[in-house]
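The values are calculated or read from the model by the stated rules, or taken from the named source; none is laboratory data. Only a predicted model underlies this, so the values are computations on that prediction, with no experimental measurement involved. Every residue, glycine as well, gets a Cβ built from its backbone with ideal geometry; the counts of neighbours run over all protein chains shown. All accessible areas refer to the heavy atoms of the entire protein, side chains included, with ligands and DNA or RNA removed. Shrake-Rupley method; radii C 1.70, N 1.55, O 1.52, S 1.80 Å.
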Protein chains: 2
Amino acid sequence: MTPLTLPPGISKDTFAAYVAAARGVVGNDNVEVITGPDQFTKDDYMDPAKEHDMYPVLDKDYFVSSAVVAPRNVAEVQALMRISNEFKVPVWPFSIGRNIGYGGPAPRVPGSVGIDMGRHMNRVLEVNEADAYCLLEPGVTFQSLYDHLVSKGLEDKLWIDVPDLGGGSVIGNTIERGVGYSPYGDHFMMHCGMEIVLPNGELVRTGMGALPEPGATGAPDQQSPNRCWQLFNYGFGPYHDGIFSQSNYGIVTKMGMWLMPNPGGYQAYSITFEREDDLPAIVETIRQLRITMVIQNAATIRSLLMDAAVLGDKESFCPGVTRPLNDDELDGIQTKLGLGRWIFYGALYGPEPIRNALWGAIHGSFSQIPGAKFHLHEDGKPTPGVLDIRAKTMRGIPTYDELKWVDWVPNGAHFFFSPIAEVRGEAATRQFQITKRRLVEAGFDVIVDFIIGMREMHHIVCVVYDRTKPEERARALAVVRTLIDECAANGWGEYRTHLALMDQIASTYSFNDHALMKLSESIKDTLDPNGILAPGKNGVWPATYDKEKWRLQAGSQVTRQSIPKHPGPSPRL
Amino acid sequence: MTPLTLPPGISKDTFAAYVAAARGVVGNDNVEVITGPDQFTKDDYMDPAKEHDMYPVLDKDYFVSSAVVAPRNVAEVQALMRISNEFKVPVWPFSIGRNIGYGGPAPRVPGSVGIDMGRHMNRVLEVNEADAYCLLEPGVTFQSLYDHLVSKGLEDKLWIDVPDLGGGSVIGNTIERGVGYSPYGDHFMMHCGMEIVLPNGELVRTGMGALPEPGATGAPDQQSPNRCWQLFNYGFGPYHDGIFSQSNYGIVTKMGMWLMPNPGGYQAYSITFEREDDLPAIVETIRQLRITMVIQNAATIRSLLMDAAVLGDKESFCPGVTRPLNDDELDGIQTKLGLGRWIFYGALYGPEPIRNALWGAIHGSFSQIPGAKFHLHEDGKPTPGVLDIRAKTMRGIPTYDELKWVDWVPNGAHFFFSPIAEVRGEAATRQFQITKRRLVEAGFDVIVDFIIGMREMHHIVCVVYDRTKPEERARALAVVRTLIDECAANGWGEYRTHLALMDQIASTYSFNDHALMKLSESIKDTLDPNGILAPGKNGVWPATYDKEKWRLQAGSQVTRQSIPKHPGPSPRL
């Protein structure tokens, strides 16, 4: 069967031979040739809840696989690497969940063979209660990990950290350096130990995992994980884990994650702020509380519309309005929902005396901002905004409700623009103003939040568009391309991105004539001389690809000058 | 001038030409040919306090450089890499401080040219008060960083984390993955952003440092560090920092470190335990308190003799005894000093209500162990053991007092054996028993501590020997070689080691036919095809070296079977 898109440089016959070889490895049922874009985006590959399609930003048949292969175990992943090298067919591993806003499971190079790591390799291999960690396969989602803990009666003892949606792969999210909202919100920092299949098929365990565990007879046991693998990251010698994040150097087949022991108490809260101009004061207050760990978790400042969009669509709030909402309309929504222009969501972790001490400091600091209102979450009582949802999220209970904000517009889809910034009122204001001006200019509402880590903010900008309108899609893409350049000119870079934007963002990290990218690509060529594993991932291209050609084919030619003007009337700014 | 040891495969003439070229780069005053081992180990290269020699475990003229070159800036480091490639001369970078127990500044390959990164490149480039970080050059010691904070009046606002001795390089300690004792005790976790000269001379900045900061004119400014470089580690794409730790892939020329904002209060304490057999209960208690962050810092359990050796030498406690001390003698010291067989040192961080809550939990838990005695540190009041010193250390104030325990025996020297273990009473007991049996069998006293990180223990075994006695030195080396093998057979590996032991320890991380080492060495050969940078560091050899030959030359042939018997009478065990 001929696929919609063949791998580059691969003939139909070679492709057929590859597919036959792959079937020999994983069995007939686990190889599927993709003959149309809808087939690839069907529910099986998207989401256990089977609710949503993916959200293409280019034409739906651009980022598409030639086939999808689902290995059943590590040995099959190794074998697939070997035949992919033999046939020089590029592969694109994905795990499970939607990966929405970043391109779903689609490959950077059209026609790559998708390696579905999640379909079969989805076991929780270990949960260690005393040491508070788990060892996972790629197909374990935040939801399935949580369900596993529930099934073992451990969900109160060991807390997981979840991102906004519970359906994604824990490994996938972590190696993409996704974040959550509890004290364990920096997922990559909280991983411990990896098992990786290298592009040449070799199997590596990092850190203490490289030290064989003694078997029952005293001889080394090559299968059993070392007892310290999930306890100590570094091992001995070069510490490699980081180069397998946001990279195309290997396929992670197992990973350890630290779990948070029940802290002895929990209290979620929100604080609403009345004016858009309160942003700098909020940010300055948070920095001082966060860096001293008075705010213990990766807490968020959400814009009014992010909350509003979870509670209703644009039409329900402002019937007939298609242009970006103006200040009067935002005031109306704010009053109707009893929210602020900004809503801060945080939580207190620990026994009551500790929570009380922390809350005293937090309440006292934010009270300096006129109009700040404080809301403690109590089960069963009405709470403003999405505090019921966030109370679960910050406690590590997976939810799906937040996906609703994508329905803000009809046929809603979104993608993310996510620059990193210093935790400064001035920086937040400037970044927000740049973003707001560009979004409104392009006809989009401003739906953003700031996630405050230890010493930086992830500013998450959600561009929501009607995926059935090619013009609107192109406008969404163009405005983000503009924002990337404009933020780079201000010294800010993005932490993660969509397939279509990887090259552009990678090119902003250009110090000393792109020295870091040269380093990345020299390692790439060493570990993957045929360039078969995820070529172009995060802008890292193997020498076997014409980087410039592929960059242009993904539409990087859209520049700021060519942003389509929004057809509607200008809003009041 | 001909050096004591030429670089391998380099003639006198080539060496002379290299030295001339190096003088052309760094100036005459900054190149010194090493004609004898004492010259290399002179005070300048050892310690600002100029108190101590290094502690050779092989003959003093084995691990020795041919010359030492001290670059004055980054461009000179780059130029040195280029000429080293041209002449194929191996180089061994070191920073500042003693690096005692690990080989001092000596190179793994005799005759390598030492690159003294500390002599000139010793500036604190930035201290950022609001974001609590600093940006350092390699020659900045914990002491000089602390002094810098004092000079700026910031020492109360921003706390550093220090290891046991204050004279070492912050960068050197961190990239060797050393640990300290405050909540910021995992130094590598608390670094943020690196600048690195690669073996080919290329200059790379990692993370957000790869994004140019806008200059005054709006154009990118290649010199100014990006404002987020020290705020967010990961940047975009593969995260490389880890592979520049414990490695020979590049020379770190700048690094950011996070500083701890004053937590609002501090209280150091110690708890003494009466019996050696209390160890498992102590460890089990700590695990539960540590993993829940009730114990907030990287706290330590020290054996009686580690404290005793700081307070006096062996002769002062037990005149005339040269064999390992027996239980009666240990009882006598314990009574005399008012200490325990084990002493736990911890600290509470935060305002008083939080400290009180934490102390309540800690006191309550340890009170379950019969005989436990609690001591809060109060300035100016007598305290048991080394609490006066540890109170400084856990507060981030550099000290030098702990070096005294090396004088336990005449002409004392030491080196470390440091396996990683799970935080379990059973594991601590078993590891302690193995260690004790082997040390006593070889005639050494048992001086150890356990440092408890988030989920593992560093068991630090200090083998103290008379460096003037070749037989005793050989016995010290042999007993550690035995312990390495014996612990590996139990599934435990070391986190860091002395030059002489790097190959042996690296070889224990052998999963899947040494797959991790093959990965390390393939990256090595890519980044350093001539194998000029620190060949053999942590067991990673470039293809240009005969690994097996070099391994044997460093005395790896000493095996357990050949441990010399201690000549004295057997102690009572």
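Filtering the stretch B:360-411 down to residues that are of a type in the set (D, E) and part of a helix (DSSP H, G or I), which residue is least open to solvent (accessible area, probe 1.4 Å)? Among those residues, the one meeting the criterion is B:E402. Of everything in the stretch A:174-185 that is more than 9 Å from every other protein chain (Cβ to nearest Cβ) and open to solvent by less than 20 Å² (accessible area, probe 1.4 Å), the residue that is farthest from the chain's Cα centre (by Cα) is A:S182. Scanning the stretch B:288-307 for residues that are on the phi < 0 side of the Ramachandran plot and without any contact (Cβ under 8 Å) to a residue 40 or more places away in the chain gives B:T292, B:L304. Inside the stretch B:406-420, can you point out the residues that are more than 17 Å from B:K436 (Cα to Cα) and out of contact with any helix residue (DSSP H, G or I) (no Cβ under 9 Å at 6 or more places or on another chain)? B:N411 - this is the single residue of the stretch B:406-420 that is more than 17 Å from B:K436 (Cα to Cα) and out of contact with any helix residue (DSSP H, G or I) (no Cβ under 9 Å at 6 or more places or on another chain). For B:G209, the conditions (1) in a helix (DSSP H, G or I); (2) surrounded by fewer than 22 Cβ atoms within 10 Å (Cβ to Cβ) all hold with the exception of (2). Give the number of residues within the stretch A:454-478 that are under 20 Å from A:T393 (Cα atoms) and surrounded by fewer than 21 Cβ atoms within 10 Å (Cβ to Cβ). Within the stretch A:454-478, residues that are under 20 Å from A:T393 (Cα atoms) and surrounded by fewer than 21 Cβ atoms within 10 Å (Cβ to Cβ) number 1.
Does B:I96 fit the bill of being surrounded by fewer than 24 Cβ atoms within 10 Å (Cβ to Cβ), aliphatic (A, V, I, L, M) and within 19 Å of B:E32 (Cα to Cα)? Spelling it out, it is not the case that B:I96 is surrounded by fewer than 24 Cβ atoms within 10 Å (Cβ to Cβ), aliphatic (A, V, I, L, M) and within 19 Å of B:E32 (Cα to Cα).
Checking each residue in the stretch A:188-204 for being under 22 Å from A:L533 (Cα atoms), at the interface with chain B (Cβ under 9 Å from one of its Cβ atoms) and part of a strand (DSSP E or B) picks out A:I196, A:L203, A:V204.
For the stretch B:274-288, the tally of residues that are open to solvent by 10 Å² or more (accessible area, probe 1.4 Å) and within 14 Å of chain A (Cβ to nearest Cβ) stands at 5. On the stretch given as the stretch B:186-195, residues that are surrounded by fewer than 23 Cβ atoms within 10 Å (Cβ to Cβ) and in contact (Cβ under 8 Å) with a residue 24 or more places away in the chain total 3. Only one of the listed residues (A:G215, A:G207) is at pLDDT below 95 and more than 8 Å from chain B (Cβ to nearest Cβ). That residue is A:G215.
Every condition in (1) crowded, with 20+ Cβ neighbours inside 10 Å; (2) in a helix (DSSP H, G or I); (3) within 28 Å of the chain's Cα centre (by Cα) is met by B:I271 except one, and the failing one is (2). Counting only helices (runs of 4 or more DSSP H) that sit wholly inside the stretch A:17-114, those with at least 3 residues that are at pLDDT 80 or above are A:74-87.
Which condition from (1) modelled with pLDDT under 95; (2) outside the structural domain of A:E422 (by TED's automatic domain parsing) is the one that A:Y545 breaks? Checking A:Y545 against (1) modelled with pLDDT under 95; (2) outside the structural domain of A:E422 (by TED's automatic domain parsing), the one that fails is (1). Within the stretch B:453-499, the set of residues being in contact with a Pro (Cβ under 7 Å, 6 or more places away or on another chain), over 22 Å from B:P163 (Cα atoms) and within 14 Å of another protein chain (Cβ to nearest Cβ) comprises B:C487, B:A489, B:N490, B:G491, B:W492. Taking residues in the stretch B:222-240 that are more than 8 Å from chain A (Cβ to nearest Cβ), and partners anywhere that are of a type outside the set (S, T, Y), the pairs with Cβ atoms closer than 6 Å and at least 6 places apart or on different chains are B:S224/B:E213; B:W229/B:G193; B:W229/B:M208; B:W229/B:G209; B:N233/B:C192; B:N233/B:G207.
Checked against the criterion of being of a type in the set (G, A, S), over 15 Å from A:N248 (Cβ atoms) and open to solvent by less than 10 Å² (accessible area, probe 1.4 Å), the candidates A:G103, A:G118 yield just one match: A:G118.
Of everything in the stretch B:500-533 that is more than 7 Å from chain A (Cβ to nearest Cβ), assigned to a loop (DSSP other than H, G, I, E, B) and out of contact with any strand residue (DSSP E or B) (no Cβ under 8 Å at 6 or more places or on another chain), the residue that is most open to solvent (accessible area, probe 1.4 Å) is B:P529. Considering only the stretch A:4-16, state which residues are in a helix (DSSP H, G or I) and open to solvent by 30 Å² or more (accessible area, probe 1.4 Å). Hits for the stretch A:4-16 are A:K12, A:D13, A:T14, A:A16. The set of residues from the stretch A:130-173 being open to solvent by less than 10 Å² (accessible area, probe 1.4 Å), within 14 Å of chain B (Cβ to nearest Cβ) and under 17 Å from the mean Cα position of the chain (by Cα) is empty.
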